[in-house]
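Each remark here refers to the structure printed beneath this line.
The values are calculated or read from the model by the stated rules, or taken from the named source; none is laboratory data. Predicted model only: the values in this text are computed from it and were never measured. Glycine gets a Cβ as well: all are built from the backbone with ideal geometry, and neighbour counts include every protein chain shown.
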Amino acid sequence: MLGAALALIHSRLNKSDPAYGLTLVLMPLVTQTVIMMVNGNVGTGIAVAGAFSFVRFRSMQYKAQDIMLIFVAVAIGLACSIGYLGFAVLFTLIIIVIMLLFHHFFAGSLSGGHKELRITVPEGLDYEKELGECLKQYTSYAQLMSVKTTNMGSLYRLVYDVVLINQADSQNFLNELRIRNSNLEISLGVFPEAVQ
């Protein structure tokens, strides 16, 4: 139940994969079961530690917050397995309150307002100079993450990590970029976990 409460609050405050929510629900139960089975048996404890060392999250790169919640779920399971149910409930409530407070007061700043800017430019354009002026005017942070050639090398596809100075200026920002890139494709959206 405590893992479900943690997963529910996390899913309400963040966009996340349902499989990750299921992980948060099941992790305390799995941890509690394993610890109760190992209880006092050194040989079994070593075997379980070896088995856990093989478990990794290979499917995607997780944010620091996601990794922290996995550890919280494990801690809840450990507390329950050794009989500290009251402490487990209190710990879960404290974590949920902290998550709600941070979401309420720092909702935009936790991600830092980072956005992904994908822009296609002609091959002959000096994109560092032409786009640099526009980026300085509209962003407080801009870093070129990748450059890829496309259309038989006649176009470059650039991916930037940007933080807009004023979110309301995003349309003006895109219009300025369209003037500089000959009205080729541009997209501005939420920055993914990893640039592909």
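Some points to look at:
- Some residue of segment 140-161 being of a type outside the set (Ser, Thr, Tyr), more than 13 Å from residue 115 (Cα to Cα) and assigned to a helix (DSSP H, G or I): no
- Pairs, first in the same structural domain as residue 142 (by TED's automatic domain parsing) and part of a helix (DSSP H, G or I) in segment 118-131, second surrounded by 13 or more Cβ atoms within 10 Å (Cβ to Cβ) and among the aliphatic types (A, V, I, L, M), C-beta under 6 Å, six or more apart: 127/121
- Those residues of segment 79-94 which are without any contact (Cβ under 8 Å) to a residue 60 or more places away in the chain, over 19 Å from residue 34 (Cα atoms) and not hydrophobic (A, V, I, L, M, F, W, C), in sequence order: 86
- The requirement of being part of a strand (DSSP E or B) and either polar (S, T, N, Q) or at negative phi (or both) is fulfilled nowhere in segment 166-176; no residue meets it.
- Scope segment 144-171; condition over 18 Å from residue 125 (Cα atoms), of a type outside the set (A, V, I, L, M) and loosely packed, with under 13 Cβ neighbours inside 10 Å; matching residues: 166, 167, 171
- Some residue of segment 2-19 being at pLDDT below 80, outside any helix (DSSP H, G or I) and more than 25 Å from residue 190 (Cβ to Cβ): no
- Looking across 127, 138, one residue alone is farther than 19 Å from residue 189 by Cα and of a type in the set (Phe, Trp, Tyr). It is 127.
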